[in-house]
Amino acid sequence: MIKIDSAQDRVVIKQSEHMDVYKFSQDVLQQLTKDNIPSIPSNYSIYFDKMLDKGPDEFKRKIADVISTIDVSPSAESSIHIEKEVRQSYIQIKSMLQAVGLIYKNLATMKVLAKKHAATLENSSDILATRKVVQNFNADLLKLMALMDKHIDIIKLNYEEISRMFKAVEEQSIYDSYYDIYNKKFLLSTMASEAESAKRYGYKSSFLLLKMSERIKGRIKNIKERENIQRLIAKMLLKTSRRSDVVAHYGEGCFAMVMRHTDIVGARKACERILGLLYEQDYLNEGEVINMEFQMVACALSGANIVEQTLSIALDRLQASDKSEAPVIIEEQI
């Protein structure tokens, strides 16, 4: 049973029924110590998920119930949330400026029409009063346009400043808004830090690359359908990943997943599981279900090469795998 201790405002697990939860937590710490891995929160979370995967289903559900009672918001997820808000604000500001531009355009049109009618009335002596009204209207309109010109200049300056700020945010972005996963910049940073950490503390990590077969991509002429399939790939990767894994879009429909504390054998199993789930899905091309093909490569992540070299080798192998009619999982120590 899980209850809330209102006096101290924290989650309490009744020890009489869930001593195994406490024991599991201790086992995680012991395993970290045994593997000579620092017991910092990030490493603890990785080992926690890794060891939990090996536990029975009933125990997994029990742990899930405990976790669901605690609101955890990692800093990376918070950054993504902020980026989403910034992007949405920018869209709204842009829409507002477009509306202001339309108003300004309409006022300019009114000015042209007023001049046109004033010119027509200049040759007529029968409607002096009307001409006077139009002249006054034109004078007032000129004043209004002068004022609007000043306002537009201010809006333009503000727009340029907003654009500059948005560009700065883009340069620091770690999030791919289209696929709702991390971007290439964050992927490279994660791989570099993970490779260094694995080398320093003597454990193994891996990564995989996945994309739609070039042969199938060429058959799907509808860009929207092709992008929908790629978004489904990203969604499935995210769904099958552990909390400690990093799922990212490398570029041009190629996706990556960094698997911390996972050797090449574990990476191969992950590839098989992911491919199995992907092939269970139905994919449409012009209203008809097609036989999908994927390219996938799984590689060990180490500090032997810099990240760019490691990725270059993996991408070359990924491209070569398209020569086979069936999806190929390549396991290489890079």
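Only the coordinates and a few stated rules stand behind these numbers; no lab work does. Every value quoted in this text rests on a predicted model; they were computed, and no experiment measured them. Cβ coordinates were reconstructed from backbone atoms using ideal geometry, including for glycine residues, and neighbour counts include every protein chain displayed.
Structure summary
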| quantity | calculated |
| --- | --- |
| Under-5 Å amide H pairs with Tyr175, H placed in peptide plane, nonlocal only | Asn183 |
| Burial ordering of Lys111, Lys204, Lys150, fewest other beta-carbon atoms within 10 Å first | Lys150, Lys111, Lys204 |
| Magnitude of the charge dipole, region 175-334, Cβ model with Lys/Arg +1 and Asp/Glu -1, debye to 20 | 400 debye |
| Residues Ile46, Ile93 arranged by fewest to most Cβ contacts within 10 Å | Ile93, Ile46 |
| Inter-probe distance in nm under a simple model that places probes 7 Å from Cα toward Cβ, at Asp316 and Tyr159 | 4.8 nm |
| For Val265, Val297, Val112, Val247, order by how many other beta-carbon atoms lie within 10 Å, fewest first | Val112, Val265, Val247, Val297 |
| Viscosity 1.002 mPa s, 20 °C: Kirkwood-radius Stokes-Einstein D of region 210-304 over Cα pairs, µm²/s | 152 µm²/s |
